[in-house]
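Working notes, beginning with the structure itself.
Derivation of every value follows stated rules applied to the coordinates shown; laboratory data play no part. All figures in this text were calculated on a predicted structure; none of them were measured in a lab. Every residue, glycine among them, receives a Cβ derived from its backbone with ideal geometry; neighbour counts consider all protein chains shown.
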Amino acid sequence: MLNFKTFINEDRGNSMHIEVDSSMINNNKETINADFDRLTHAPYKNSIIFYNQLRGTLERFGMLMPPEATKQFLKFENELVFTLGETDLYLYVVYNTQKNSQVDAYTQIVHEDELQQLMDSDDMDDAKEIDDDYDDDMNDYNKNYQKKMDYDSGNTGEY
């Protein structure tokens, strides 16, 4: 009998593979991708919440996320690809934790050529621009809405 730590660290072959019925995935690809679009529309509080939502969506269509994938969602950012059964389709998942601690995510079921485009795209310039815009917005917020609080002065007029 294996102890828990040995069981978790044991190599079980291709852990980035999801068993799926090929006719089901081919017939429902657009529906699943529409669900993924709704799922990733708003940011998440952390990557584990995103992972659980992703698992729930996959399970509704009879696909079980491999247990080894949980470790991959404990990072602040990651880009993952899962093969889907014996089909030529892949599950592409990417997420990133922003400065405001929100997790932005994107996931889709794609063909190999679409997967290569997604993997080759470099969105770091766009991400930097978004971060700069966020910093500017927060500075404007701080200037306009935060008032100086004088907690230790005994001035009760501000409360």
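Sorting D104, D37 by the number of Cβ atoms found within 10 Å of their own Cβ, with the fewest placed first, yields D37, D104. 3J(HN,Hα) along region 89-100, derived from phi through the Karplus expression 6.51 cos²θ - 1.76 cosθ + 1.60 where θ = phi - 60°, amounts to 9, 10, 9, 9, 10, 9, 8, 8, 8, 7, 5, 8 Hz, with x in place of Gly and Pro.
Ordering L39, L54 by the number of other Cβ atoms within 10 Å of each residue's own Cβ, fewest first, gives L39, L54.
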